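Report on the following structure.
The values are calculated or read from the model by the stated rules, or taken from the named source; none is laboratory data. Bear in mind the structure is a predicted one, so any value in this text is a computation, not a measurement. A quick note on method: Cβ atoms are made from the backbone with ideal geometry, for glycine too, and the neighbour counts reach across all protein chains shown.
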């Protein structure tokens, strides 16, 4: 992360130093510090509170007796605390669902992205529009007909059906990311391979795919976390508690305080941490990928 | 790659790849369809057909327990919807939620980007903290905030108590329900605005600043002359994205308030879900869904037209 951050700063650093400008400074210093502090508090506090709650004892949580500082010494007991919630079962399910969604989505995306980037064909505009417009369809509005469709196909109450439905929502973005990546690869590389008599499939899988690997990785992360976070379809399709992903499992605790809250928060922390870590690692690519996917028409 | 619509350069050239001489002409012509076919067919099955079925469903009375056993009722669902205040209330909640979330997320996000565009000690860590909420899964977000907003034991009441305000039911009082879900949503989506605007700010050439400084421009004038014109297209696009995403946002609202208190946060998407899975009326749910689709479609078309216009301007 640190190296990533350093990059743009060093890039502009010489100019900036020379500038020393009132021009770039839109706020006076105390105001700036105050505003930054407010932002950090706003963004950081809820996460801090989640950690604090997970490290509190159940009895401290009620009657506003929760301390302001986390009990770090309880970190060691966190395993036992989490044990009261079947979170590991649910996290495994989340992993299967997110992994399946990613794999299937990427296969479609690499093929379609290649076609959109490198071919001119009749109906290309229509295919592009389909891939663009379907991103705009709200999940919650489609959940009823998809539920009806899956009920008639017998695809409810299984992770396979859920993966199939998830892919429909994650694949369009991936296609745009992959298409953008292939667009950026000079065509001459493929030409050279083609002259050597390479068939197209080989060019795509052995020449192009390694070159766009960073973008594939970014698309994979986006897909994985879409699958990891997905709640609505999972809640609607899967009734059996043992098959729930962690999102549905954890949501079942909201507003019910039968299970001790510190266990629930500890489990939620476990569900959140992988997302935070991965996000910090690939943040930049995710942001450009997401916006590229939604903007390219 | 970020927010500019790029024109894919090699749209024509690739057809020159010859797998072999011209007897493969047919193969040449069908091969793009082999690559794009799976994705297109998939989306037709899982997106287009459900949309069509959803519209069909909206003209029927279909119970949840027998999704394929509906009876046709014509326009009944629609006329009933449009004649009850509940639907207009839901539409109003959607517009209010969307407007408030977008305005606050874009204003705070863009402000944060401007602040973070200046070098200061600890910038990396501040930036990371402000960015993190975006990566927090929605369900975890709802869990955290439902605890913070908790009526009897939540920390927010503890904080406002310091100022002499009594305990408030942030999630159960119709006065505060909408504000609570908007606050939570802004917390979650603001970082994306910040990151995108920051990327745009960092692409402003410093020469431009230098030039305005030579002209003796003050901070505000510089902002108006250099900064804003440069980031305006980005802000516009991110505003539209935020709008589309807010209209369709379901989880945060459903998990925090379930559409309540007293339907004050019953946005169209939440309404669809409740009609379908609580009231078990798939037909009426589909009708609300169809009307919601129209709203999304309007926004999408506006978005498309603006993009076209901008692309034309850039060219």
Next item on the list: Take residue B:239 and decide whether it is surrounded by 15 or more Cβ atoms within 10 Å (Cβ to Cβ) and within 9 Å of chain A (Cβ to nearest Cβ).
Entry: no
Note to self: Can you name every one of the helices (runs of 4 or more DSSP H) wholly within region B:131-217 that holds 3 or more residues which are in contact with a helix residue (DSSP H, G or I) (Cβ under 8 Å, 6 or more places away or on another chain) and within 30 Å of residue A:91 (Cβ to Cβ)?
What the structure shows: B:138-148, B:177-202
Notebook entry, point to check: Taking residue A:54 and the conditions (1) exposed (fewer than 15 other Cβ atoms within 10 Å of the Cβ); (2) touching a helix residue (DSSP H, G or I) at 6+ places or on another chain (Cβ under 8 Å); (3) not assigned by TED's automatic domain parsing to the domain that holds residue A:203, which numbered condition does it fall short on, given that it satisfies the others?
Noted result: (1)
Margin query: Condition first: buried (at least 22 other Cβ atoms within 10 Å of the Cβ), more than 12 Å from chain A (Cβ to nearest Cβ), assigned to a loop (DSSP other than H, G, I, E, B) and touching a helix residue (DSSP H, G or I) at 6+ places or on another chain (Cβ under 7 Å). Can you find one or more residues in region B:93-116 that meet it?
Written below: no
Check: Inside region B:46-88, can you point out the residues that are within 13 Å of chain A (Cβ to nearest Cβ), in a helix (DSSP H, G or I) and surrounded by fewer than 13 Cβ atoms within 10 Å (Cβ to Cβ)?
Finding: B:52
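Of the residues A:130, A:111, A:106, which is in the same structural domain as residue A:234 (by TED's automatic domain parsing), under 21 Å from the mean Cα position of the chain (by Cα) and over 23 Å from residue A:241 (Cα atoms)?
So the residue among A:130, A:111, A:106 that is in the same structural domain as residue A:234 (by TED's automatic domain parsing), under 21 Å from the mean Cα position of the chain (by Cα) and over 23 Å from residue A:241 (Cα atoms) is A:106.
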Margin query: Being under 30 Å from residue B:74 (Cβ atoms) and surrounded by fewer than 24 Cβ atoms within 10 Å (Cβ to Cβ) is true for just one of B:264, B:206, B:278. Which residue is that?
Written below: B:278
Checklist line | Matching entry among A:19, A:47 (being within 9 Å of chain B (Cβ to nearest Cβ), closer than 15 Å to residue B:132 by Cα and modelled with pLDDT under 95) | finding: A:47
Check: Only one of (1) under 21 Å from the mean Cα position of the chain (by Cα); (2) in contact (Cβ under 8 Å) with a residue 60 or more places away in the chain; (3) facing chain B (nearest Cβ under 10 Å); (4) surrounded by fewer than 23 Cβ atoms within 10 Å (Cβ to Cβ) is not met by residue A:143, so which one is it?
Finding: (4)
Next item on the list: Could you please find all residues in region B:167-198 being over 24 Å from residue B:138 (Cβ atoms) and within 13 Å of chain A (Cβ to nearest Cβ)?
Entry: B:167
Next item on the list: Could you please give the count of residues in region A:235-270 that are at the interface with chain B (Cβ under 10 Å from one of its Cβ atoms) and under 19 Å from residue A:166 (Cα atoms)?
Entry: 8
